[in-house]
1. Name the chymotrypsin sites (Phe, Trp or Tyr not before Pro) in segment A:3-63 that are in a loop by DSSP and that have at most 10 other C-beta atoms within 10 Å, would you?
2. Longest segment of chain A with no GluC sites (Glu not before Pro) in a DSSP loop having at most 11 other Cβ atoms within 10 Å?
3. With 10 angstrom as the radius, rank A:Arg146, A:Arg115 by how many other C-beta atoms surround their C-beta, starting from the fewest.
4. Report, to the nearest 10°, how far helix A:40-49 tilts away from the longest principal axis of the Cα atoms in chain A, using its own Cα long axis and a range of 0 to 90°.
5. Most mobile of B:Gly114, B:Gly87, B:Gly21 per a Gaussian network model of chain B (Cα springs, under 10 Å)?
6. How many Cβ atoms of partner chains, on average, are near each residue of B:118-127 if near means within 10 Å of its Cβ?
7. Ignoring the sites themselves, what is the longest stretch of chain B with no trypsin sites (Lys or Arg not before Pro) in a DSSP loop and at most 15 other beta-carbon atoms within 10 Å?
8. Can you pull out the trypsin sites (Lys or Arg not before Pro) in segment A:32-79 whose DSSP state is coil and whose Cβ has at most 13 other Cβ atoms within 10 Å?
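What follows draws every value from the coordinates through simple rules; no lab data is involved. Just so it is clear, the structure is predicted and the values come from calculations on it, not from any experiment. All Cβ positions, glycine included, derive from the backbone under ideal geometry; neighbour counts span all protein chains shown.
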Amino acid sequence: MSAQLLETVTTKINTRLPDAIEVAEMSYDFPVFTIKHDKIHAVLKFLKEDADLNFHFLTDLTGIQSPDEKQLGVIYHLHNFPKNLRIRLKTFFDINKPEIPTATDIYPAANWMERETYDFFGVRFKGHPNLVRILNVDEMDIFPLRKEYPLEDQTRDDKSDKMFGR
Amino acid sequence: MKEIVKRTKLEIAKSPEGLEGPGFFATKLEDVIGLARANSLWPLPFATSCCGIEFMATMASNYDLARFGSERLSFSPRQADMLMVMGTIAKKMGPILRQVYEQMAEPKWVLSVGACASSGGIFDTYSVLQGIDRIIPVDVYVPGCPPRPEQIIDGVLKIQELVKNESLRRRDSPEYKKLLNSYGIE
């Protein structure tokens, strides 16, 4: 069922937007597409507006940093309610230029999720109406879930490196 | 049948030292005020997580903090004597906790309940305040994760001891002003 969905969606995207898909694969029983970051907006728009696919619901949007630490990514989870179909989209870009177009014009629900992704990973969503921090303190000057920043609070001096593996 | 032993030496509030005679009792005003304050501490519960759940048990009938004169919770800081901070305080909540403390009228005491409020606890992370004593002065720390209701009551009793023995002039003293100034208050 899901493998068939992978095939259908791949064919449809390739017909409409050739070269947009980098990788289309099954992750366990879940269809996952890696999309080029300059095509992600067009792909999302197509997946939502195509009457047959009808991925009209954005379940989740979040950031990810690849293990080599040089790339940042954004992951979209899409859902088609009437047929109960789900897919996952990934897109990666250079960590030194973390910019991708916003999805708020397609899915209004992306507003807060993109703010959260900006808050924790520093991804700048071009065209977002209000791209400011949503969860962390406004004065924070780092993006805490990026691997270059330590997770621990840096103001503590009562923990020795030897005991706590800093 | 076992005989029921009647306890006669039960003391509710021990009277302060003083001169006693037929029809009169003389003592220091400071001691009387301390006694009155200690046995009617109005707590302001600032509960953010599991320590707050333990506090609910502390207030309920089994442990019953009312036995020690603290049954009247004050949800307005202006009418509270004792700020009980129970739970993890995120850095984003720091300024709010501080504002609550500043709104309380003197004299005021602070009880830090649990590992998180006292030191950040297991949350050694970018988003959590590493102990509330970084933003407000604390009188008594209660250890535990979370502490049992007995421990919270013990902490309140320790505060009562502080209240009983505090000089009436302490809050006007330069040392106290200096303490507040070190936290940037006033």
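1. Details: sites: A:Tyr28, A:Phe33, A:Phe46, A:Phe55, A:Phe57; in loops: A:Tyr28, A:Phe55.
Loop-located and lightly packed - A:Tyr28.
2. Numbers: sites that count: A:Glu69, A:Glu139, A:Glu148.
The answer is A:70-138.
3. Exposure proxy ranking, most exposed first: A:Arg146, A:Arg115.
4. Taking the Cα atoms of chain A, the angle to A:40-49 is about 50 degrees.
5. B:Gly21
6. Across B:118-127, the average partner-chain Cβ count within 10 Å equals 4.
7. Looking at chain B, B:73-168 is the longest stretch - no exposed trypsin sites (Lys or Arg not before Pro) with at most 15 other Cβ atoms within 10 Å.
8. Loop-located and lightly packed - A:Lys70.
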